[in-house]
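Asks: First the structure, then my questions, so here it is.
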Amino acid sequence: MTKQLRRRKARVVGTWSALFAGVAAAAAMTTVMAGTATAATTLGASAAERGRYFGTAVAANKLSDSAYTTILNREFNSVTPENEMKIDATEPNQNQFNYANADRIVQHARSQGMQVRGHTLAWHSQQPGWMQNMSGTALRNAMLNHVTQVATHFRGQVVAWDVVNEAFADGSTGARRDSNLQRTGNDWIEAAFRAARAADPNAKLCYNDYNTDDWTHAKTQAVYRMVQDFKQRGVPIDCVGLQSHMNNQSPYPSNYRTTLSSFAALGVDVQITELDIEGANATWYRNVVNDCLAVARCNGITVWGIRDSDSWRASQTPLLFNSSGAKKPAYDAVLQALNNGVVPTTGPTTGGPTSPPPVSTPRR
C-alpha cells in the first residue's frame, strides 16, 4: 500500500480449544445438510468448525447501528477494536487511563460468544501528545507502564495482543523503523513483550506488521529473523500478525503460503489480522483463505471492517459487504473456501517452511 494510505489509517485465555467451545452451539445452528456433509452458512461458524476464527475490526461508535451489529453478530466469532485500545485512546494523559469505549466493544463481543484480539500496546503512531514529546529512559518507562496497565486491565478478556505494531521500515534494507520508541534502544520490542507476558500470562502475544505478505521482501525476512531470535532466546512471543492490506501496488503474492508456513515453522501461530483487498477481488480473498487453511498454525483471519462504508479504504471497496450491507462475490468465495477446508481431528501441528529466508531484492 502507498505511504499516503498508511497515513490515512486511524488505527488465550487457556487453549484455543476452549475458545472455540463457546461458538460450537452457534456453528451447529448455522449449518445446513448437504448429503452427508454440512456446510456452514456464516463465516464465523465455518471457521470454528475448522478450529479457527473469522473476525472483524469493530468501532465502538457503530455499535448503535443495528444494520452493522446484525452483520457483526451473525457472521463473526472474533473482534478487534479498530482504535479504542490504541495508546491515545487508553492513556490520553499520562497515568490517566480511559477504557470506556474499549470496554464497550469487549462486553459486546463477549456477550455474543466472540473472542477479542487486543490492538495495540506499543506503536510509533497514534501516540498521545505527552508520549510524543518524551524520549530516552522516561519514554521507555512510560511505554512499559502503558503495556502493563492496559494488558492488566483486560487480563482474562483478551485472547491475543498485538503487543508491538509496525516496528520495521519499508524498503530493501530490512531495518527497524526510526521512531521515538526505537531510539530508546534496540531491545524495546523485547521489553514490551516481557512486560505484556508479566501482565497477562495467558494471552497470546503477537508482533503485527504490514507489507510482510511477500516472502521475498526484505521486511518480511527481517521480521522472520527477529521472531527466530526471540524464540531462540526465550523472549515470549506466540504469534505473528500479517495485516495483508492488498491493492494493485501490493497484490496478493503467489508465495503467501510460504510466508505463513515459514513463520509457523518457528513455533508461533500466524494470524491474518487486518485483511482488506482493493475491489474485493474474490480470487485473492479465496487464495488468502485457502493458504491459511493449508497451514495448521494459521489459526484465524480478521477483515478490517464490515461494510465498505466502514473501511478506512472505503473508496477502494475492499470488504466482503457493500455499503448497504449486502454480501459481495468475495463473501461467497470466502465462505466456500472455508466450507471446503478440512475439519481437523487433532490439534494444530507446525508444518515446515518451504525454504529458508531468501536473500533478494523486494518487489516494490
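Asks: Per residue and in Å³, how big is the convex hull formed by the alpha-carbon atoms of segment 141-259?
Replies: Output value, Cα hull per residue: 114 Å³.
Asks: Loop-only check: which trypsin sites (Lys or Arg not before Pro) in segment 177-256 are DSSP coil with at most 11 other Cβ within 10 angstrom?
Replies: Counting only loop positions with at most 11 other Cβ atoms within 10 Å, none of the trypsin sites (Lys or Arg not before Pro) in segment 177-256 qualifies.
Asks: Which value, in debye to the nearest 20, describes the size of the charge dipole of segment 43-340 about its Cα centre when Lys and Arg Cβ atoms bear +1, Asp and Glu Cβ atoms bear -1, and nothing else is charged?
Replies: It comes to approximately 480 debye.
Asks: With all protein chains present, how much of the accessible area of segment 43-340 (probe radius 1.4 Å) comes from carbon and sulfur, to the nearest whole percent?
Replies: The computed percentage sits at 42.
Asks: Pulled fully out, how much extra length does the chain show between residue 66 and residue 309, if you take 0.36 nm times their separation in residues and subtract their Cα-Cα distance?
Replies: Once the chain is fully extended between residue 66 and residue 309, it gains 86.0 nm.
Asks: Here's a follow-up. How much space per residue, in cubic angstrom, does the convex hull of the C-alpha atoms of segment 43-340 take up?
Replies: In segment 43-340, the Cα convex hull volume per residue is 119 Å³.
Asks: On average, how much accessible surface per residue is there in segment 43-340, in Å², for a 1.4 Å probe, leaving out ligands, DNA and RNA?
Replies: 31
Asks: Give me the Kirkwood hydrodynamic radius of segment 33-166, using the inverse of the mean 1/r over all pairs of distinct Cα atoms, in Å to one decimal.
Replies: Computed over Cα pairs of segment 33-166, the Kirkwood hydrodynamic radius comes out at 16.2 Å.
The values are calculated or read from the model by the stated rules, or taken from the named source; none is laboratory data. All values reported here derive from a predicted model rather than from experimental measurement. No Cβ is skipped: glycine too gets one built from the backbone with ideal geometry, and neighbour counts run over all protein chains shown. Heavy atoms of the whole protein, side chains included, go into the accessibility calculation; ligands, DNA and RNA do not. Shrake-Rupley method; radii C 1.70, N 1.55, O 1.52, S 1.80 Å.
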